[in-house]
Amino acid sequence: MSQRDGSKVFREAWIAGVREHFPGDPKPGYVTPWDGTPEWERQAAGAVYEQVRQFLALSDGNATRLTREQKGRFVATCWTAQMYKHFESPKPGYVADWPALPDWQKETDSDIFEAIEKSLL
């Protein structure tokens with residue numbers, strides 16, 4: 001799968017997770033379709049997809065055995081690194097550590113890891 005296709009897997013999983021887990025109505029930017037997603041965000045999504053893909057490959061697929069929380073933490077950490085890459089001074093919410101993330105975001109990050117797993121089967 002190309003990195004562009006991987007980016008779309010990430011974005012679609014993000015949107016689905018937000019729609020499922022976000023309390024109330026999410027911000028429009030949270031559910032913007034792929035065609036309206038800014039280029040930096042597409043690049044970040046592709047990079048995180050690739051990191052999860054490589055993580056799964058380097059573990060000989062055994063990363064699938066991580067807990068749901070561990071999977072979400074991995075995605076969140078990879079995303080934080082991308083925020084530092086794309087922004088000199090990212091908003092605190094963009095680089096918050098796992099314990100500070102809202103539950104809906106933790107669930108969505110876990111969903112993203114699992115969507116990437118599924119896309120690779």
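Summed over the range 78-105, residues that are within 18 Å of Ala45 (Cβ to Cβ), at pLDDT 95 or above and hydroxyl-bearing (Ser, Thr, Tyr) total 2.
Taken as a whole, the range 81-91 holds no residue that is among the polar types (S, T, N, Q), loosely packed, with under 15 Cβ neighbours inside 10 Å and assigned to a helix (DSSP H, G or I). If you check Gly46, Gly72, Gly61 for being touching an Asp or Glu at 6+ places or on another chain (Cβ under 6 Å), surrounded by 12 or more Cβ atoms within 10 Å (Cβ to Cβ) and either at pLDDT 95 or above or at positive phi (or both), only one passes: Gly72. Just to check your reading of the model, which residue among Gly36, Gly46 is farther than 19 Å from Leu121 by Cβ, out of contact with any Lys or Arg (no Cβ under 6 Å at 6 or more places or on another chain) and either free of Cβ contacts under 8 Å to residues at least 12 places away in the same chain or hydroxyl-bearing (Ser, Thr, Tyr) (or both)? Of the residues listed, the single one that is farther than 19 Å from Leu121 by Cβ, out of contact with any Lys or Arg (no Cβ under 6 Å at 6 or more places or on another chain) and either free of Cβ contacts under 8 Å to residues at least 12 places away in the same chain or hydroxyl-bearing (Ser, Thr, Tyr) (or both) is Gly36. If you go through the range 14-33 and keep only what is closer than 21 Å to Lys85 by Cα and surrounded by fewer than 18 Cβ atoms within 10 Å (Cβ to Cβ), you end up with Gly29, Tyr30.
Scanning the range 92-121 for residues that are more than 18 Å from His21 (Cβ to Cβ) and outside any helix (DSSP H, G or I) turns up Val95, Asp97, Leu121.
The values are calculated or read from the model by the stated rules, or taken from the named source; none is laboratory data. Since the model is a prediction, treat every value here as computed from it, not as a measurement. Note: ideal-geometry Cβ built from the backbone for every residue, glycine included; neighbour counts use all protein chains shown.
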